[in-house]
Structures are given as structure tokens and as C-alpha cells.
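Quick notes on the structure that follows.
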Amino acid sequence: MKATLVIKGISNLITLKGENRPRVKDDLKDIGLIKNGVIALQGEKIIYVGEGELPPTITIDDSTIVVDGNGKTVTPGLVDSHTHLVHGGSREHELAMKLNGIPYLDILAAGGGIHSTVKATREASFGELYEKAKKSLDKMLEYGITTVEAKSGYGIDDFETEIKQLAVANKLNERHPVDVVSTFMGAHAIPKKYKMDSDKFVEIIIDEMLPEVAHRGLAKFCDVFCEDGVFSVDQSRRILMAARSHGLIPRIHADEIVSLGGAELAAEINCITADHLVAASDEGIKLMAKKGIIANLLPGTSFNLQTGKFARARKMVEEGVPIAISTDYNPGSCPTENIQLIMSFASLIMRLTPEEVITAVTINGAAALGLEREIGSLQVGKIGDIVIFDSPNLEYLIYHFGINHTDKVIKRGEVVFSKI
Ligand SMILES: [Zn+2]
């Protein structure tokens, strides 16, 4: 079997080998580390992973790209399973308000926050949104992200803008090396027009928007911002159940600020993930563990909102909840594409070990997008999405924080980023 790409002499090859399912408890630490590792690809697929030299059954010739992995740490491509990638504008003008200690829900009530992004996104053309999101995607790739989830949700009641966001995400998925998986999130905020009758907007989402999004094949998932003053548990349930009946997979922004019962709802209706969970109750965490619902944790958002409150990651791990970690890249509460920084936050602030962190952004991140059979670990038959970090070991990657450790990124068997 001829290899088209080989990485040899890898100081630390982190394979995440094992079953194609989200890892829990002690399995989160079982990263399948191989010292002096070698990996071979043919086209976009992995054909060999092992230690030392390639076996005689795998051949190379002049056309094979051979990369030296000495002194490097190699991992599966990182999966960012929660972002608001496509949007207009930016919100640096809110920094002063934040520094004055004004809480997010107050900024929101004053017409700021998401409402200002909604305005900018509505005003932006398809081309403008595409170019802005592409720039972010280029940055994400440089940080080692090879698959990203992208939500709509800045059109809200302006359905045309919702469609425009999803169309941009789909176009980027076609053209950009990074795979972009789309989520419809019309239920991201209560539009001003429906402030006094939010049920009416829920009806519009269910009766008009969801069928159209599903019919046009624009999204794989449906998400809801279940929060005090946004969508109630009952409204979220109705939207997500309707989404499922149209073939969209439910996920949920749950218990970010107030312990509302979002984690419990995620378990009740089998969401693929519940995200944020800063205020999730003990009971909610237990139910998620029981049902195997992935907790998608976003420590960058807690950091940036300066609440001092982070999701109880250690408790979740102990209870057996599968955890993923994502950037939550968005223009308001987490304006960064730097998933490596978020990984350091996950460890330094949420007390996860480097092994748990890398699992959370690879195989568990893949599972958070229903892609654990294709990506997320380096095993024969899987897609060759690989990051080569200029880092002598995994701990160093987490410890030396805030910088970009990426040396090369391989997407579907091709080198798509290389540090100069
Ligand atoms: Zn979000």
C-alpha cells in the first residue's frame, strides 16, 4: 500500500485510539500516546499508525510527502463544536460598560449585546459576511481547528438573515479546507417586536422557519438559548422537539447564567449536547451523565464575561458526563478564535488535566457534532485531519499559554497550513 503522506519520528503521537464514542471518566485521560510514533496516509485516509518504522506493507516513493515529527506533538485535528462564526460587526464599544461592571443581561435589556450584532448582520451583504467569516476560519485553521460548528441566530425574526448566515456557512464548508457544520439558531434572542408575546415568535420558528431550513438542507442541528428572559424551558422543549420532527438534531444553550433546568431538559429530550452549563444543577448533571449527553464547556466566555463563575467541569467528569470544550467564538461574549488559549483556560481554571482537555477537543468534540466515526482520533480508516504542534509534549502545549503552537495542519491528507 503506497502512502501519500507520512509523519515519522513523532516525539509524542496522541492518537486517542479507542471506540468511536465520547469518552468519560478515566477514559478521558487515556489518550493513546505513542513515543517515536509514525503515521501514514493514503489520500484523505489514515492507513497506518504505530511506533518506530513503517512496516514493509506500507511503501513510499518520490511523490510521498514525508514530514519529520522529531520534537513535535501530533494530535487529531481540533474540533470546535460551538461557535457563532458568521456575523456582522464587532462589539469592542461594550468593553467600557463591562469594565464598569454592567452585567450582560442589563446591556442586552438596553438594546446592546446581541441586538447590535443582529443589526450589523442584517445590514451586511452575503459577500461581506463570507469574507469576514473566512478570515476567522483562516485563523481557526492556524490554531489547529479542522472542523467547526457554525450557528445562525443574528437574524432572529428576520428569516432572510438567518438563511443568509446558514448559506454563508454552507458556502464556506464547500470552499474552505476547514469543515463547517451548520446549526439553525433562530431562537437566539427574543426579538424586540415579540417582547410581550414570545410564544408568538416560538410559533413562527416552529411553523415557518424550521420546515424551510430543513427542506432546504441548510443545517444539521437546531439550537435554542434557554435562559431567564430569553427562551423558557417549555418554549425550548417545543422548538427542539419540532426541530427533531424535521430531521434536525437538537442542542441547547443551557443554564449559562441562571439554573433554569436546561441540563434537565437536554437529558429529557436527548439533545446531542448541552452547552455552557455554568449554573447547571447537581440533578441536571446526574441526568446528563445517565443519558450520555455531552457537556460542551466554554470557559473563554466565563473569562470574558468576568463573572468569576465557570462550569463545574471536575464534578461533571466525576459524575460521568462526557465533556467537550469549544471557543464559543462570537462577537460579544467570546471574541477569539484561539482554541489553544481556551484549552489552557479549561485546564488552569476548570482544573482539567491536559489529557482530559485534548480528549475534549478531539474525539469528544467530534462526537458533539455526530462525527466521531469519521474524525476525532488517529486510527486506520479515519480521515487524516492532523495537527503537528511545535511542542515537546502535551503539558507544554497547555502550560505555555496564549501563543500559537501550531507547526502544520493536515486536512483530509493535505498540508493546508505550515508555519513559515
Ligand atoms: Zn453560543
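The values are calculated or read from the model by the stated rules, or taken from the named source; none is laboratory data. Just so it is clear, the model here is predicted, and its values are computed rather than measured. Heads up, the Cβs are rebuilt from the backbone with ideal geometry, glycines too, and the neighbour counts pull from every protein chain shown.
Give the residue, chosen from Ser116, Ser136, that is modelled with pLDDT of 95 or more and either touching an Asp or Glu at 6+ places or on another chain (Cβ under 9 Å) or in a helix (DSSP H, G or I) (or both). Please lay out each step first, then the result.
Working: Ser116 fails: modelled with pLDDT of 95 or more.
Exactly one residue qualifies, and that residue is Ser136.
Among residues belonging to the stretch 259-276 that are away from the ligand (no atom under 16 Å from the Cβ) and among the aliphatic types (A, V, I, L, M), point out the one that is farthest from Leu210 (Cα to Cα). If you could, list the steps in order and put the result at the bottom.
The first filter runs over the stretch 259-276 and keeps only residues away from the ligand (no atom under 16 Å from the Cβ), leaving 259, 261, 264-265, 267-270.
Filter again for among the aliphatic types (A, V, I, L, M), leaving 265, 267, 269.
Numbers: Leu265: 20, Ala267: 22, Ile269: 18 Å.
Checked the stretch 259-276; the qualifying residue farthest from Leu210 (Cα to Cα) is Ala267.
When the residues of the stretch 38-56 are narrowed to those that are of a type in the set (Gly, Ala, Ser) and either surrounded by fewer than 20 Cβ atoms within 10 Å (Cβ to Cβ) or in contact with a Gly (Cβ under 7 Å, 6 or more places away or on another chain) (or both), which ends up nearest to Ile386 (Cα to Cα)? Give the steps one after another, and end with the answer.
So in the stretch 38-56, the residues of a type in the set (Gly, Ala, Ser) come out as 40, 43, 50, 52.
Pick out the ones that are also either surrounded by fewer than 20 Cβ atoms within 10 Å (Cβ to Cβ) or in contact with a Gly (Cβ under 7 Å, 6 or more places away or on another chain) (or both) and you get 43, 50, 52.
Values: Gly43: 13, Gly50: 15, Gly52: 19 Å.
That would be Gly43.
Whether any residue in the stretch 365-376 is in a strand (DSSP E or B) and under 25 Å from Leu41 (Cα atoms) is what I want to check. Full working, then the answer.
Kept after step one, since they are in a strand (DSSP E or B), are these residues of the stretch 365-376: none.
No, the stretch 365-376 has no match at all.
Out of Leu166, Leu248, I need the residue that is touching a strand residue (DSSP E or B) at 6+ places or on another chain (Cβ under 7 Å), over 17 Å from Asn330 (Cβ atoms) and crowded, with 17+ Cβ neighbours inside 10 Å. Which one?
Details: Leu166 fails: over 17 Å from Asn330 (Cβ atoms).
None of the other options fit; the residue is Leu248.
Can you name every residue in the stretch 1-51 that is among the hydroxyl-bearing types (Ser, Thr, Tyr) and closer than 15 Å to Ile363 by Cβ? If you could, list the steps in order and put the result at the bottom.
First, pick out the residues of the stretch 1-51 that are among the hydroxyl-bearing types (Ser, Thr, Tyr): 4, 11, 15, 48.
Within the stretch 1-51, just Thr15 meets the criteria.
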Exercise. For the stretch 296-319, which residues satisfy the criterion of being of a type in the set (A, V, I, L, M, F, W, C) and either in a helix (DSSP H, G or I) or away from the ligand (no atom under 16 Å from the Cβ) (or both)?
Worked result: Phe303, Leu305, Ala313, Met316, Val317
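Could you list, in sequence order, the residues of the stretch 169-202 that are surrounded by 16 or more Cβ atoms within 10 Å (Cβ to Cβ) and assigned to a helix (DSSP H, G or I)?
Ala169, Asn170, Lys171, Leu172, Asn173, Tyr194, Ser198, Phe201, Val202
Farther than 17 Å from Ala311 by Cα and modelled with pLDDT of 95 or more: which single residue out of Ala254, Ala280, Ala242, Ala289 fits that description?
Numbers: Ala254 fails: farther than 17 Å from Ala311 by Cα; Ala280 fails: farther than 17 Å from Ala311 by Cα; Ala289 fails: farther than 17 Å from Ala311 by Cα.
Answer to the selection: Ala242.
Of the residues Ile293, Ile325, which is within 20 Å of Thr183 (Cα to Cα), within 15 Å of the ligand (Cβ to nearest atom) and surrounded by 16 or more Cβ atoms within 10 Å (Cβ to Cβ)?
Values: Ile293 fails: within 15 Å of the ligand (Cβ to nearest atom).
Sole residue among the options that is within 20 Å of Thr183 (Cα to Cα), within 15 Å of the ligand (Cβ to nearest atom) and surrounded by 16 or more Cβ atoms within 10 Å (Cβ to Cβ): Ile325.
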Exercise. Condition test on Ile386, is it β-branched (Val, Ile, Thr), buried (at least 24 other Cβ atoms within 10 Å of the Cβ), under 17 Å from Lys45 (Cα atoms) and touching a residue at least 12 places away in the same chain (Cβ under 8 Å)?
Worked result: yes
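Anything in the stretch 11-24 that is in a loop (DSSP other than H, G, I, E, B) and touching a residue at least 12 places away in the same chain (Cβ under 8 Å)? List them, or say none. First the steps, then the outcome.
To start, the set of residues in the stretch 11-24 that are in a loop (DSSP other than H, G, I, E, B) comprises 15-24.
Scanning the stretch 11-24 gives Thr15, Leu16, Lys17, Gly18, Asn20, Arg21, Pro22, Arg23, Val24.
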Seminar exercise, completed: Being within 16 Å of the ligand (Cβ to nearest atom) and not assigned by TED's automatic domain parsing to the domain that holds Ile39 narrows Leu105, Leu137, Leu129, Leu95 down to just Leu105
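Just checking, how many residues over the stretch 219-242 are assigned to a helix (DSSP H, G or I) and either of a type in the set (Phe, Trp, Tyr) or more than 20 Å from the chain's Cα centre (by Cα) (or both)?
Here is the first cut: in the stretch 219-242, the residues assigned to a helix (DSSP H, G or I) are 233-242.
Filter once more, keeping what is either of a type in the set (Phe, Trp, Tyr) or more than 20 Å from the chain's Cα centre (by Cα) (or both): 233-239, 241-242.
Qualifying residue count, the stretch 219-242: 9.
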